[in-house]
Amino acid sequence: MRALVVILALAAAPAHAQFNLRDLNINKMFDTAKKVVTATSDIAEPEEINIGHDMAARLLGAAPLVNDPALQRYVNNVGRWLASQSERPNLPWQFGVLDAPEVNAFAVPGGTVFVTKGLAQHMQSEAQLAGVLAHEISHVLRKHHLKAIQKSAQTSLAGDALQQAIKDPSGLARDKLISLGSELYTRGLDKSDEFEADRLGVVIAARGGYDSYGLPAVLQTLQAMNAQDSALAMMFKTHPSPTDRLGALSERMQPVLDQYATQPQLPERFASETKKLR
Amino acid sequence: MKAAAFFLAFVSLAAFAEPAAVVRPSPLMSEPATDATKVADLPANAAVDARERRGGWRQVRTASGQEGWVKILALRYGGSAKGGDSGITQAVNVARTGSSGTQVTTGVRGLDDEKIVNAQPNPAELKKMEGFAVPAPASAEFAQRGKLQAQTVSYPK
């Protein structure tokens, strides 16, 4: 989208393009703009799903699922219902609770979402779980991770190698691509992607019929925790602060938050389905 | 275990009154509504006890005893009483070193940078995860059991 704006701006300014030097610069910029356009559109959905599965397998190698099939199915019910309210309802959505004490959640391209046991233990209702899952679902909808992986791959994998990495799951280049993807979870996305996922997450949870304050409530819980707590280290390093996220939601989302604030929170169902975590 | 204790402490706090502070200057209203009478203007950082929630509002009591309602997002909780460390660092360090100096798998599994970057794929666990996936129609029944009603809501501009 931004690239398109650049192209339009350039097209609208031909009168100034009379010097050779400037022509060259403009051509170069035009080229770059075109490349950005192809880069974000050349991974087809089946490839996105395959890459996501490879990344999910890596994350599961770092922490396995909590051994509680009923809990895992419960989280899938909440997540699948929310995903059905999104613009990509037909992805192979799957949700999992990772057996790790850290407080975190991860979205993987193609429709896989993880929350950690440590985060689930700090939630008090199904609406809060829905708020977190809806935030992660929004990352998948907007392809935040996929675009970031492509961007970092372009500097380390030459054109052909990148194409091979995307299309051939068994090649060496694929391994490199998935490693770049894993690293992304330790570095984090652009802050603007996180703020966008918060706004969209509030909307998707409200679409699902949940109390719209689920995600803000979780952010307020994180805000009240000791920022030096080691369980929060990675989450805080890779996300804007809870205070900034709450401030941004209050600025942009107050009307939606207020309109859907009395929808169900379902604290009892959440407590009964997650009782083995406590 | 510590996390569980924290959770229980948190729940019991929420059920009664929670110490909180106002994050920005905010009106204290007589009812949970923007067109209610204003009781007072609370300055930023004013300490309050937060009680019942109604919609986007929370009932509070100020240090001077005034009662009323403020918007939920005008509050931050915890006051000065910050929680301690969940004890993960210590536990993980013990697990890492062990007596042999190599990593031993005790109950604590950390998910830090190093663990993620060095992870080997676990396709068996992925297969297991796929087995827990729920088809869309089943999740719609689940939503119905919770009396959740789908709404049409647009993204903000």
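Can you tell me which residue within the range A:164-176, out of those that are without any contact (Cβ under 8 Å) to a residue 60 or more places away in the chain and either among the hydrophobic types (A, V, I, L, M, F, W, C) or in a helix (DSSP H, G or I) (or both), is farthest from A:Ile51 (Cα to Cα)? Looking at residues that are without any contact (Cβ under 8 Å) to a residue 60 or more places away in the chain and either among the hydrophobic types (A, V, I, L, M, F, W, C) or in a helix (DSSP H, G or I) (or both), I get A:Leu172.
Residue under question is A:Gln164, and the condition is that it be in the same structural domain as A:Ala224 (by TED's automatic domain parsing), more than 20 Å from A:Ala83 (Cα to Cα) and not β-branched (Val, Ile, Thr); does it hold? In short, no. Annotation: of all residues in the range B:111-127 being at pLDDT below 95 and more than 7 Å from chain A (Cβ to nearest Cβ), the one that is nearest to A:Tyr260 (Cα to Cα) is B:Glu114.
For (1) among the acidic types (Asp, Glu); (2) surrounded by 11 or more Cβ atoms within 10 Å (Cβ to Cβ); (3) at pLDDT 55 or above; (4) assigned by TED's automatic domain parsing to the domain that holds B:Val70, each residue gets a yes or a no:
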site: B:Phe6; (1), (2), (3), (4): no, yes, no, yes
site: B:Leu13; (1), (2), (3), (4): no, yes, no, yes
site: B:Pro19; (1), (2), (3), (4): no, yes, yes, yes
site: B:Met29; (1), (2), (3), (4): no, yes, yes, yes
site: B:Asp35; (1), (2), (3), (4): yes, no, yes, yes
site: B:Val39; (1), (2), (3), (4): no, yes, yes, yes
site: B:Ala47; (1), (2), (3), (4): no, yes, yes, yes
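For A:Arg245, the conditions (1) charged (D, E, K, R); (2) buried (at least 18 other Cβ atoms within 10 Å of the Cβ); (3) at the interface with another protein chain (Cβ under 9 Å from one of its Cβ atoms) all hold with the exception of (3). Take the conditions assigned to a loop (DSSP other than H, G, I, E, B) and either modelled with pLDDT of 95 or more or within 27 Å of B:Tyr77 (Cα to Cα) (or both) and apply them to A:Gln223. Does it pass? No; evaluated as a whole, the condition is false for this residue. A Cβ distance below 9 Å, combined with a sequence gap of six or more or placement on separate chains, defines the contacts here; from the range B:128-157, residues that are within 7 Å of chain A (Cβ to nearest Cβ) reach residues that are part of a loop (DSSP other than H, G, I, E, B) and among the aliphatic types (A, V, I, L, M) in the pairs B:Ala140/B:Ala150; B:Phe142/B:Val134; B:Phe142/B:Leu148; B:Ala143/B:Ala150; B:Gly146/A:Leu266; B:Lys147/A:Leu266; B:Leu148/A:Leu266. Taking the numbered list (1) within 9 Å of chain B (Cβ to nearest Cβ); (2) assigned to a loop (DSSP other than H, G, I, E, B) in turn, A:Ser179 passes all entries but (2). Being under 14 Å from the mean Cα position of the chain (by Cα), among the acidic types (Asp, Glu) and in the same structural domain as A:Leu60 (by TED's automatic domain parsing) narrows it down to one of A:Glu126, A:Glu87, A:Glu136, A:Glu102, so name that one. Unique residue meeting the criteria: A:Glu136.
The values are calculated or read from the model by the stated rules, or taken from the named source; none is laboratory data. Source: prediction; values computed, not measured. Cβ sites come from the backbone with ideal geometry, for glycine too, and all protein chains shown count toward neighbours.
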